[in-house]
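Colleague: Here it is: the structure, laid out below.
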Amino acid sequence: MIIDAHCHIWERDLMKGDLADFIDSVIKELEVKDKEKLYDGGIERLIKDMDEGGIDKTVILPIDFEFLYTGGGFTFQAYNDLAGEYFKRFPNRIIPFAGIDPRRGAAAVGELKRCVEEMGFSGLKLWTVTGFVPDEEAYYPLYEEAARLGITILVHTGMGPGNTYLKSCRPVFVDKMAVDFREINFIMAHVGTPWVEEALAVSLKNPNVYVDISAWQGPYARFPMGFSQVLAQAKLMHGGVHKVLFGSDWPLFSEIYSQKEWVEAIKTMTFPAPLQLMGLPEITAEDKEMILGNNAVTLFQIQ
Ligand SMILES: [Zn+2]
């Protein structure tokens with residue numbers, strides 16, 4: 001089974017106000033040839049791209065953008081509803097997470113309950129680039145609710161787009177949460193790039209912390225050695241790749257690698273010779289299967 005643990009959704013007609021400008025600026029930052037194509041982050045294209053790539057299930061992550069941007073009438077709840085609607089249409093293909101900013105206090109807890117109990121969501125996405133440090137105890141009621149509901153928390157760690165904050169995105173902020181909420185599984189997005197070692201350390205130390213490899217398509221295409229080293233280091237440090245999840249950040253990097261090409265890139269990758277000379281382990285067929293889906297099957301308890 002192949003599972004993409006990190007994707008986004010948007011529809012151009014729904015995105016309004018600053019949110020539309022933000023998505024616009026991210027697309028411009030990427031310097032892609034076909035900008036129009038990236039504005040299509042809707043379910044039809046997603047399912048088509050999944051089918052092409054042989055991807056069985058995809059985690060979709062609406063974002064709570066409202067502490068940084070206005071939505072011109074489109075709210076964070078409406079964003080969660082959009083994910084709920086996609087899930088309703090494709091219940092076997094989609095794993096929806098709720099985008100909720102913990103600074104909302106009791107309203108955050110209420111929205112999480114609504115998304116999980118009424119719409120069947122599997123997780124919570126914390127979009128730390130809007131400037132909150134996720135391990136503050138003021139936010140613990142939200143995490144207590146997540147624990148009660150038995151869901152996963154995906155935390156953005158590492159680099160974000162230009163017009164967002166980096167300071168709140170250190171992987172180390174996941175450490176305290178993971179210790180205080182052992183019953184919750186956490187995913188650190190993007191292996192915390194550029195703080196890869198910090199992310200791998202947090203994941204090594206805490207049995208309930210995973211990393212996803214989304215947004216590594218560009219670095220891998222330009223410099224395969226760097227990304228290979230991340231996986232080799234994870235394997236060496238953790239004694240295996242059981243904490244590493246496949247992810248794409250679709251639709252953002254689909255021009256660098258389509259979903260099919262990104263899956264193929266992982267399936268066919270071998271570590272460059274210098275890494276082996278340095279004593280780092282080789283990636284095996286079994287490792288690739290674990291990264292592409294088996295680890296996520298265990299994490300999400302897919303039957
Ligand atoms: Zn993302």
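The values are calculated or read from the model by the stated rules, or taken from the named source; none is laboratory data. This is a predicted model, so every value here is computed, not measured. Please note: Cβ atoms are built from the backbone with ideal geometry, for glycine as well, and neighbour counts cover all protein chains shown.
Colleague: Any chance the stretch 212-219 includes a residue that's of a type in the set (D, E, K, R) and within 15 Å of the ligand (Cβ to nearest atom)?
Modeller: Within the stretch 212-219, one or more residues are of a type in the set (D, E, K, R) and within 15 Å of the ligand (Cβ to nearest atom).
Colleague: Go through Arg170, Arg104 for me and flag whichever is under 30 Å from Lys28 (Cα atoms), surrounded by 17 or more Cβ atoms within 10 Å (Cβ to Cβ) and among the basic types (Lys, Arg).
Modeller: Arg170
Colleague: Of everything in the stretch 124-162, what is at pLDDT below 95 and within 19 Å of Arg103 (Cβ to Cβ)? Give them in sequence order.
Modeller: Gly160
Colleague: Looking for something under 17 Å from Tyr210 (Cα atoms), under 22 Å from the mean Cα position of the chain (by Cα), modelled with pLDDT of 95 or more and buried (at least 16 other Cβ atoms within 10 Å of the Cβ) - is there at least one such residue anywhere in the stretch 249-265?
Modeller: yes
Colleague: Within the stretch 42-65, how many residues turn out to be in contact with a Ser or Thr (Cβ under 9 Å, 6 or more places away or on another chain), of a type in the set (D, E, K, R) and surrounded by 20 or more Cβ atoms within 10 Å (Cβ to Cβ)?
Modeller: 2
Residues checked against (1) at pLDDT 90 or above; (2) surrounded by fewer than 18 Cβ atoms within 10 Å (Cβ to Cβ):
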| position | (1), (2) |
| --- | --- |
| Val26 | no, yes |
| Tyr39 | no, no |
| Thr70 | yes, yes |
| Phe74 | yes, no |
| Asp81 | yes, yes |
| Phe97 | yes, no |
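Colleague: Count, please, the residues in the stretch 247-273 that happen to be within 16 Å of the ligand (Cβ to nearest atom), out of contact with any Ser or Thr (no Cβ under 7 Å at 6 or more places or on another chain) and not in a loop (DSSP other than H, G, I, E, B).
Modeller: Summing the residues that are within 16 Å of the ligand (Cβ to nearest atom), out of contact with any Ser or Thr (no Cβ under 7 Å at 6 or more places or on another chain) and not in a loop (DSSP other than H, G, I, E, B) in the stretch 247-273 gives 1.
Colleague: Under 6 Å between Cβ atoms, which residue pairs at least 6 apart in sequence (or on different chains) link something in the stretch 253-276 that is among the polar types (S, T, N, Q) with a partner that is crowded, with 17+ Cβ neighbours inside 10 Å and part of a helix (DSSP H, G or I)?
Modeller: Gln259/Asp49; Gln259/Gly53
Colleague: Would you check if there is a residue in the stretch 177-187 being in contact (Cβ under 8 Å) with a residue 40 or more places away in the chain, over 16 Å from the mean Cα position of the chain (by Cα), over 21 Å from Phe246 (Cβ atoms) and within 16 Å of the ligand (Cβ to nearest atom)?
Modeller: Scanning the stretch 177-187 turns up no residue that is in contact (Cβ under 8 Å) with a residue 40 or more places away in the chain, over 16 Å from the mean Cα position of the chain (by Cα), over 21 Å from Phe246 (Cβ atoms) and within 16 Å of the ligand (Cβ to nearest atom).
Colleague: Please verify whether the stretch 67-82 includes one or more residues that are part of a strand (DSSP E or B), within 16 Å of the ligand (Cβ to nearest atom) and more than 29 Å from Asp287 (Cβ to Cβ).
Modeller: Taking every residue of the stretch 67-82 in turn, none turns out to be part of a strand (DSSP E or B), within 16 Å of the ligand (Cβ to nearest atom) and more than 29 Å from Asp287 (Cβ to Cβ).
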